[in-house]
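Structure record follows, encoded as structure tokens.
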Amino acid sequence: MSDGNEQKDTPSGRKPLTLTRTTSTGTVRQSFSHGRTKQVAVEVREKRSINRPGATPGAPGAPGPGVPPPIKARATPAPEPLQPAPKAPTSPGAISDEEARRREEAVNRSLAEREARDQRARAEEEQRRALDDAQRRKAAELAAIEAEAEARRRAEQAQAELEEAAAERAAARAAAQVNPQQGGGASAGPSLLDELGGRVKSARKPAPVAPVKPAKKGEPKRREGKLTLDMVEREVAGDDDRVRSLAAYRRAQQKEKERRAKLMGGGERDQIKREVTIPETITVQELSNRMAVRVADIIKYMMRQGQMMKQADELDADTAELIATEFGHTVKRVAESDVEEGLSGEVDIDENLLPRPPVVTVMGHVDHGKTSLLDSLRETDVVSGEHGGITQHIGAYQVRLKSGQRVTFLDTPGHAAFSAMRARGAQVTDIVVLVVAADDGVMPQTVEAIHHARASGAPIIVAINKIDKPDANPTRALTDLLQHEIITESHGGDTLAVEVSALKKTGLDKLVETILLQAEVMDLKANPERAAEATVIESKLDKGRGTVATVLVQKGTLKRGDIVVVGAQVGRIRAITNERGQQLQSVGPSEPVEIMGLEGVPEPGDVLNVVENENRAREVANYRARAKKQKTSGGPSRTGTSLESMMAKFKDSTAKELPILIKADVQGSAEAIVGSLEKLAHEEVRARVVLSGVGAINESDVQLAKGSGAPIIGFNVRASKEARDLAEREGVEIRYYNIIYDLIDDIKGVMSGMLAPLTRESFLGNAEVLEVFNISKVGKVAGVKVTEGVVRKGAKVRILRDNVVIQEMGTLTTLKRFKEEVDQVQTGQECGMSFGQFQDIKQGDQIECFNVEVVQRSL
């Protein structure tokens, strides 16, 4: 291939294959301001067309580029009459004349179609260009007509102003001639000027405004902006009209607005006054956005006040209000807690209230038969599933009676560690059933349950259980209750009491009737036609189902798919399950159910609210999370202050700490364990909970326990295989418990072992130094006489001189009597003593001998 230059013929006589150049070069002179010019090289590309050899260039039948020339048919002699000529033999790979002719016709047809398409395209392009030219010419003509009309209007206005001014001057001269005496000072002016040969200068005639000439197409004008290849091609093609850019149009609009503002006599535009909403804390950047002012202006104002600020710094509400007022805005103060306004909905009116089932909480001392009593009512065996026969988390059930009525029961733990659970049960209940064993009477947790019931204001129904036992004494149990101001009807009070036996199932019907009677007196009602509001009774993390929370609906109807906010957690309810495992679409008031779909595990006692959208739910949850964090850390404080207080706390505190990592099956059990460990705290040792959570023990827990040096306590949970292997490699101890008694006892024993033991001294005897002997290779030996008690070899000694202790906790290493070593010496006898490395012994010193006993302490 060549670049278009001529080349010599080859020796074979054939010319080399070449392509003619499809570009033509040229130069364009570019002019700039101040007389500067520049030569620019320009290439114009042309369409390439390849002609067949021997054909006329530009012939319509010429094949296009890349098409091989047609194959000519070989000439054959004319056939003889009556004898057809034989066909020439075809060699392998050759094509026949007919095939060549068909190919040539196909090529010709293709070229003809291509040429027709090109002609149509060129015609359409010419038509489009003609239309564009016509539109531009019409626009230019309209602009010229408008400019000419504007110039004519301005000229007429100027002429009218001149005529009006001439008329005013003529009227003034006429008035001066009529009243020559008036205005003496004014008339003396022209006469004085006439005497001095002067004249009055007339007002200058304003020059008429020159009409704006319309721009003509093709008139040369100076180029503006950057020269591009596209601009050169348009100029070469004759289509060099430029389109105004959007940025230029906006700049022109801004300039026109400024010009009009100046003509109207207004200077700078007045500042817009806004109502600025200011929370408790706000950053400088956010305050500038709300006031629509620059951050630099706020920083300058604060610098004038003597404070250096950055845009990320936080301002308190008072400072932000001062800044906003200084800038001329009005202030609306709000608090972060305002996000919770309207979350509970409107107050229900009596017309919308409908009867609801009562919520009954069964409370009492541990092992007094609370769960067994519920089993008898539900005719199920739940107590067999409780470890150790004690309830360790709240169970919520709804009993359907034969009459069709429903009663919701909450079974609370009776162990002392579950005080918080009993308090939550009392908060959401309508009636408290206080179970007292007829053989045990009133116990500590019975008294605590009474206090919780009184704090909630719920009425109490006393159930005397275990009346079937031989040593049962219901009268004594009722009498014991009198000490705690629980006066039953048999003693002249208003508290209902029922004797039942959960094992024999006696008295249950009377207990249910008493509960329904109390509920009827209380007239319990709720509005089901509103957004639901519920209380979390228990929550846990299930491996297969995720976060599962047991809630008790108190108002409204909870539906599947509702967006809820529970404490600091949000979620969309994916499933609702009752205590029988049935899937429900919606639940009404006083119904306990398990819900799934929350993003995290909520705290027991948190309130569940249904909100309109997810954004509102996250806003409330984020506020509650911040409030909880501030409460945990002791409120918002600066880092320096908190570090100083922390160092002072560590410096003053000499208590040892036992780090513990706790994982439980439900949140309430973890809370009870943490509360029990906090009660075990001593001034010398305390338990520090590194982590308290729900769910199985995983590898992250093992890593955290290794870093903090804490054992892992699993309550009704197990570790995964990976976590067990990692714990074995890292040497982390994992302990499993299913009864809270054993867990607390073991932790108590470990903490007791960390206490410093007590040392007790038991007096043995006294001795007096009579003489001191200095023996080589041994040192000083005291010759003493036992004055009281007995002295023993190896015992501890205290040496006093003039009633001042000079040696404390020394050891009697050698005890001899008549050159024989003995173990002890009685009162009145003399002996020799040495005290190891202590050699400062003098005559008259008193020696006190005693034993030290180490006593292990316990919590």
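Here are the numbers:
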| item | result |
| --- | --- |
| Relative contact order for segment 745-856, counting Cα pairs under 8 Å that sit 6 or more residues apart, in percent | 37 percent |
| Spatial separation of Cα centroids for segment 102-119 and segment 120-153, in angstrom | 39 Å |
| For segment 512-556: relative contact order, % (alpha-carbon pairs under 8 angstrom, 6 or more apart) | 40 percent |
| Cα centre as origin, Lys/Arg/Asp/Glu Cβ charges: segment 714-859 dipole, Debye | 240 debye |
| Amide proton proximity set for Leu764, modelled H, under 5 Å, gap of 5+ | Cys849, Phe850, Asn851 |
| Probe 1.4 Å, protein heavy atoms only - accessible area per residue of segment 481-574 in square angstrom | 50 Å² |
| Estimated FRET transfer efficiency (Ala252, Ala116; beta-carbon r; R0 51 Å; 0.05) | 0.60 |
| Alpha-carbon centroids, segment 751-791 and segment 327-342: separation in whole Å | 78 Å |
| Solvent exposure of segment 701-784 as accessible area per residue, Å², 1.4 Å probe | 54 Å² |
| Separation between Cα centres of segment 432-496 and segment 704-724, rounded to whole Å | 42 Å |
| Segments 106-115, 591-600 sorted - mean Cβ within 10 Å per residue, highest first | 591-600, 106-115 |
| Highest to lowest packing among 701-710, 330-339, scored as the average C-beta count within 10 Å | 701-710, 330-339 |
| Fully extended contour minus Cα-Cα distance, from Ser403 to Thr27, at 0.36 nm per residue | 124.7 nm |
| Violating pairs (Cα-Cα greater than 21 angstrom) within the set Lys402/Lys466; Lys555/Lys628; Lys310/Lys628; Lys796/Lys842; Lys663/Lys748 | Lys402/Lys466; Lys555/Lys628; Lys310/Lys628 |
| Segment 779-859, dipole about Cα centre (Lys/Arg Cβ +1, Asp/Glu Cβ -1), debye to the nearest 20 | 120 debye |
| Highest average packing first - 155-163, 655-663, Cβ atoms within 10 Å | 655-663, 155-163 |
| Most to least accessible of Asp480, Asp375 (protein chains only, probe 1.4 Å) | Asp480, Asp375 |
| Dipole of segment 92-171, positive end: most advanced residue of Ala134, Ala106, Ala121 [Cβ charges, Cα centre] | Ala106 |
| Most to least accessible of Ile573, Ile487 (protein chains only, probe 1.4 Å) | Ile487, Ile573 |
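The values are calculated or read from the model by the stated rules, or taken from the named source; none is laboratory data. Keep in mind it's a predicted model, so treat the numbers as computed, not measured. Positions of Cβ are generated from backbone atoms using ideal geometry, with glycine treated the same way; all protein chains shown enter the neighbour counts. Areas reflect the complete protein model, heavy atoms only, side chains present, ligands, DNA and RNA absent. Shrake-Rupley method; radii C 1.70, N 1.55, O 1.52, S 1.80 Å.
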